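Just so it is clear, none of the values below were taken in a lab; they were calculated from the coordinates. These numbers were taken from a predicted model, which means no experiment stands behind them. Neighbour counts run over all protein chains shown; Cβ positions are idealised from the backbone, glycine included.
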Amino acid sequence: MQQEIHRRLRALPAVHEVVSRLEEQTEFSPFMTNERWLLRLTQCVRQVLQGARETIYHNHSGSFEEFEATLWPWIVNEVLKTLSRTESSLRRVINATGVVLHTNCGRALLAPDVARFVAEQAERYSNLELTIETGERGSRYTHVEELLCRLTGAEAAMVVNNNAAAVLLMMNTFALGKEVIVSRGELVEVGGSFRIPEVLKAGGAKLVEVGSTNKTWLKDYEAVIGPDTALLLKVHTSNYRVEGFTHAVSGAELVELGERLGVPVMEDLGSGSFFDGTSLGFPPEPTIKQTVKAGLSLVSFSGDKLLGGPQAGILVGKKSFVQRLRTNQLTRALRVDKLTLAALEATLRLYDNGGIEDIPVWRMLSAPLDTLHTAALELVTALQANPNIAVELQEDVSQVGGGAWPTVKLPTWVCAIRPKQGDIMDLEKFLRLGPIAILSRIHKDRVLIDVRTLLSGDFEEIIQRLGEWGEEVS
């Protein structure tokens with residue numbers, strides 16, 4: 001066995017030999033135009049040969065003569081595929097994980113009409129900061145402020161580049177060098193190890209913790225309010241749950257205390273939503289409109305989670321507070337560009353027109369179980385013709401993702417795949433490293449394809465790629 005492995009390894013050509021032969025082939029002529037492309041070609045050849053070595057160690061069945069005869073066509077094909085993948089670092093993937101708001105894959109998908117509007121704004125000039133009626137400079141926030149106020153009931157609104165930036169701006173504007181009171185049970189950490197205490201510190205605020213991890217009472221806040229208190233901050237724990245012996249103070253209760261003692265109250269709502277998910281069977285979560293109605297001075301939330309729009313930190317609240325945010329010099333550093341505003345405006349207009357059926361996030365979250373069953377069965381049926389894999393239909397659960405409804409498990413149907421040859425980890429890697437990366441998940445000894453998060457055209461790509469697995473192991 002070891003002798004056969006070494007024999008095949010010795011048969012692999014050197015990098016310079018492969019590059020030299022490829023230069024003579026017409027399909028590679030577009031990659032020979034300059035030194036940069038030649039360097040890229042060389043890097044791809046190295047990558048392919050390294051992949052060949054790994055394959056030989058894990059799979060060395062069949063005769064050496066057959067291996068030697070198919071080696072060069074295989075190298076040419078793999079180099080071409082690798083070159084096509086390296087033309088752009090940011091590229092399409094197929095999300096077959098069932099995680100709707102997949103942070104690593106860009107979270108919320110934009111609606112097709114929204115994407116078209118963004119593309120239109122990207123290739124044309126616009127009135128980003130121009131008041132067309134007067135010909136004078138205007139504010140970029142006017143394009144979304146009226147919509148946000150109408151949808152949330154707030155007096156004013158503005159947008160920065162993400163929700164952490166929104167919290168940072170609130171702290172720097174209203175609590176620089178002063179105290180901010182937060183419940184210990186709300187000192188959350190979000191993706192990438194960013195923590196509320198550190199964000200407050202970066203904004204210049206002094207954190208004052210009250211209560212305990214599982215219980216905080218109104219009297220805990222009242223006991224520490226003093227002359228250096230700048231504001232009370234409520235942080236919605238959207239990405240985890242503390243259950244059992246618990247108590248938390250509502251935003252409305254904090255507002256009543258704040259008004260009595262002259263201290264503003266603000267809330268980081270996290271995965272804010274315009275839509276009440278209880279009608280779809282989700283646990284109760286405060287909507288943005290309900291939170292604003294409680295009377296808080298400012299409320300911040302994300303644009304690319306349950307809202308279903310672009311990455312953005314949205315701030316809504318009382319006009320005097322929003323105006324102070326706008327005059328902070330940090331606002332310039334944290335402002336959003338025209339493409340983000342275009343995506344946000346177009347998404348908000350979908351809500352303003354009265355429904356969520358055009359928002360991809362909500363379409364995936366609300367997909368009927370029988371529809372998912374039909375789709376998964378269709379995929380399983382198509383794949384059963386592949387002799388190199390065993391396929392079956394299974395019940396499973398999807399996840400919301402993005403820190404929203406962390407305890408919710410969405411019933412779904414999946415296509416469960418087991419390779420008849422090769423390792424389950426090799427199959428997952430094979431799908432992920434294809435011309436279009438297919439992201440799946442592994443459960444026990446199966447690769448699972450969750451149809452909840454598949455889009456138009458994804459079925460065909462998955463079927464084609466798994467057909468190539470047959471070529472890979474044959």
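If the chain linking Ala115 and Glu133 were pulled fully straight, counting 0.36 nm for each residue of separation and taking away their Cα-Cα distance, it would gain 3.7 nm. For Arg21, Arg107, Arg8, Arg124, the sequence from fewest to most other C-beta atoms within 10 Å is Arg124, Arg21, Arg8, Arg107. Under a 5 Å amide H cut-off, with hydrogens placed 1.01 Å from N, Thr412 pairs with Asp396, Val397, Ser398 among residues at least 5 apart or on other chains. Estimated at 0.36 nm per residue, the fully extended path between Phe194 and Lys319 surpasses their Cα-Cα distance by 42.1 nm.
In this simple spin-label model, placing a label point 7 Å from the Cα along the Cα-to-Cβ direction at both Gln394 and Glu54 gives a separation of 2.4 nm. Summarising the overall dimensions of the chain from its C-alpha atoms, the Rg and Dmax are 27.3, 87 angstrom. Taking R0 as 25 Å, what's the FRET efficiency between Tyr125 and Ser89 from their Cβ-Cβ distance, rounded to 0.05? The calculated FRET efficiency here is 0.35.
For the stretch 277-387, the average shadow cast by the Cα convex hull is 10.9 nm², which is a quarter of the hull's surface. Shape class of the stretch 112-356 from the alpha-carbon gyration tensor: prolate, with a/c at 1.5 or above and a/b greater than b/c. Local charge sum around Arg184 (other residues, Cβ-Cβ under 10 Å, Lys/Arg +1, Asp/Glu -1)? Combined, the nearby Lys, Arg, Asp and Glu give -2.
In order along the stretch 335-348, the phi-based Karplus estimate (6.51 cos²θ - 1.76 cosθ + 1.60, θ = phi - 60°) of 3J(HN,Hα) comes to 5, 9, 8, 5, 6, 5, 5, 5, 5, 5, 4, 5, 5, 4 Hz; Gly and Pro are listed as x. Maximal additional length on extending the His373-Thr70 stretch stands at 105.1 nm, based on 0.36 nm per residue less the C-alpha distance. Near Lys305, no amide H atom lies under 5 Å from its own; only residues 5 or more places off or on other chains count, and H is placed 1.01 Å from N. Between the amide H of Lys178 and those of Lys206, distances stay under 5 Å, these residues lying 5 or more places away or on another chain, with hydrogens modeled in the peptide plane.
Taking every alpha-carbon pair under 8 Å whose residues sit at least 6 apart, the chain reaches a relative contact order of 19 percent. Here the Karplus relation 6.51 cos²θ - 1.76 cosθ + 1.60, evaluated at θ = phi - 60°, turns the backbone of the stretch 372-384 into coupling constants of 5, 4, 4, 5, 5, 5, 4, 5, 4, 4, 5, 7, 5 Hz, with x for every Gly and Pro.
Whole-Hz Karplus values for the stretch 456-461 come out as 4, x, 5, 4, 4, 5 Hz, taken residue by residue from phi with 6.51 cos²θ - 1.76 cosθ + 1.60 and θ = phi - 60°; glycine and proline positions read x. The stretch 130-197 and the stretch 435-465 have Cα centres spaced 37 Å apart. The dipole here belongs to the chain: it is taken about the Cα centre, uses +1 on the Cβ of Lys and Arg and -1 on the Cβ of Asp and Glu, and is about 1220 debye.
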